[in-house]
Amino acid sequence: MKNDWKFKSAPIDPSEITPRGSYLSRRDFLKSLGIVSASAAILAACAPNLPDTADAGPQEIPEGSLTDELGDPVNSYDEITNYNNYYEFTTDKQGVARLAADFESRPWSIEVSGLVKNPKTYTIEDLLERFPQEERIYRLRCVEAWSMVIPWEGFEIAALLNEVEPTADAKYVRFEALLDSDRMPGQKASFYPWPYQEGLRLDEAMHPLAIFATGLYGEPLPNQNGAPFRLVVPWKYGFKSIKAITRIELVDYQPDTLWSTIAPNEYGFYANVNPQVDHPRWSQKTERRIGEIGRRETLMFNGYEQDVAYLYEGMDLQENY
Ligand code: MTE
């Protein structure tokens with residue numbers, strides 16, 4: 001596992017992964033106070049920022065103290081799993097959990113192909129065994145101007161790509177989600193060009209902040225959040241973080257994406273969080289953090305600017321939205 005790289009924005013070291021028990025007891029603790037869907041004001045009161053533990057080695061994180069590196073408390077499990085965008089099931093955010101409840105995410109395999117030296121099909125079990133899972137607490141900013149803080153578990157995309165070895169011609173990575181309208185009733189809506197697909201430039205995909213998520217809150221990924229295997233790219237709008245991935249292809253062209261196919265003037269390929277570039281129908285300057293009253297300012301690259309700005313040096317971000 002690569003753990004010598006230090007994030008500027010995400011100081012939680014793999015050796016400090018929150019034990020599963022701590023997550024559960026935190027949830028039980030909040031439940032016992034009757035504030036599982038608490039407002040951030042209450043959560044903040046019991047969630048002070050973590051002390052700087054960079055060199056302190058493994059340690060147990062006290063109940064209720066989980067925050068991102070900016071000091072913002074993680075959203076509750078209930079919030080993260082009951083307010084979802086997952087059009088393969090429904091366009092109703094509060095209806096996804098119920099409609100996805102019986103989705104079978106096993107058996108599951110992921111084919112990695114295209115411009116690679118070692119094409120391979122992995123089962124989800126292979127991936128869980130082969131790549132050590134680490135915790136990443138990331139902000140998720142939806143293009144619709146709401147956001148959450150989510151404690152994911154997963155591994156860097158780079159780890160998988162290094163194993164299949166992209167050839168010198170590979171420039172982009174294309175991701176494809178499951179196509180199965182029997183299991184995903186929303187795919188009967190023929191308006192959308194299924195399957196959901198997304199893409200990243202190869203250097204974006206290789207960035208250490210970009211991960212595949214296999215779990216959250218110390219538990220396997222819930223169906224509504226993309227079980228068993230999804231992308232999480234925290235500096236981009238949430239729609240880039242494709243759920244239920246079944247195919248990964250290395251290509252030499254910029255791949256089509258579901259949203260840029262439907263509405264190219266609204267959803268670009270890059271989709272970097274950028275408060276200076278408004279959506280044609282609404283402002284992106286502020287956002288509503290789920291669980292909070294009022295709005296907060298949206299941060300450039302969703303607060304990961306120090307880590308990722310170099311990827312876009314010299315690019316016109318108004319043009320490449
Ligand atoms: N992936 C698939 N396959 N289908 C989707 O509809 N919605 C995207 C993204 N990934 C979506 C998807 C959008 S718009 C957002 S904001 C995030 O998932 C939401 O992730 P969450 O429900 O885990 O918060």
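The values are calculated or read from the model by the stated rules, or taken from the named source; none is laboratory data. These numbers were taken from a predicted model, which means no experiment stands behind them. So basically every Cβ, Gly included, is an ideal-geometry build from the backbone, and we count neighbours across all protein chains shown.
Of Ile242, Ile248, which residue is in contact with a strand residue (DSSP E or B) (Cβ under 8 Å, 6 or more places away or on another chain) and outside any strand (DSSP E or B)? So that I can check it myself, show each step before the final result.
On the way: Ile248 fails: outside any strand (DSSP E or B).
Checking each option against the conditions leaves just Ile242.
Look at (1) more than 25 Å from Tyr83 (Cα to Cα); (2) among the charged types (D, E, K, R); (3) part of a strand (DSSP E or B) and you find that Arg139 fails only one, number (1).
Consider the range 224-239 and keep the residues that are over 21 Å from Arg106 (Cα atoms) and in a loop (DSSP other than H, G, I, E, B). The one that is nearest to the ligand (Cβ to nearest atom) is Tyr237. If only residues of the range 281-304 that are over 19 Å from the mean Cα position of the chain (by Cα) and either under 17 Å from Asp203 (Cβ atoms) or among the β-branched types (Val, Ile, Thr) (or both) are counted, the one that is surrounded by the fewest Cβ atoms within 10 Å (Cβ to Cβ) is Ile293.
For the range 276-319, filtered to residues that are small (Gly, Ala, Ser) and touching a Ser or Thr at 6+ places or on another chain (Cβ under 7 Å), the residue that is nearest to Val143 (Cα to Cα) is Gly303. Looking only at the range 171-197, residues that are within 19 Å of Pro255 (Cα to Cα), out of contact with any helix residue (DSSP H, G or I) (no Cβ under 6 Å at 6 or more places or on another chain) and not aromatic (Phe, Trp, Tyr) come to 6 in all.
Determine, yes or no, whether Arg201 is modelled with pLDDT of 95 or more and either within 16 Å of Tyr87 (Cβ to Cβ) or within 13 Å of the chain's Cα centre (by Cα) (or both). Please lay out each step first, then the result.
Details: modelled with pLDDT of 95 or more: yes; either within 16 Å of Tyr87 (Cβ to Cβ) or within 13 Å of the chain's Cα centre (by Cα) (or both): no.
Here the answer is no, as Arg201 does not meet what is asked.
Taking the conditions (1) in contact with a helix residue (DSSP H, G or I) (Cβ under 8 Å, 6 or more places away or on another chain); (2) under 25 Å from Asn225 (Cα atoms); (3) not basic (Lys, Arg) in turn, Ala309 satisfies each one other than (2). Counting only residues that are outside any loop (DSSP other than H, G, I, E, B), in contact with a Phe, Trp or Tyr (Cβ under 8 Å, 6 or more places away or on another chain) and closer than 16 Å to Pro234 by Cβ, the range 266-302 holds 5 of them. Of the residues Asp307, Asp316, Asp278, the single one that is more than 18 Å from Asn84 (Cα to Cα), crowded, with 16+ Cβ neighbours inside 10 Å, more than 15 Å from the ligand (Cβ to nearest atom) and among the acidic types (Asp, Glu) is Asp307.
The residues of the range 196-215 that are surrounded by 24 or more Cβ atoms within 10 Å (Cβ to Cβ) and within 12 Å of the ligand (Cβ to nearest atom), listed by number, are Tyr196, Glu198, Ala213.
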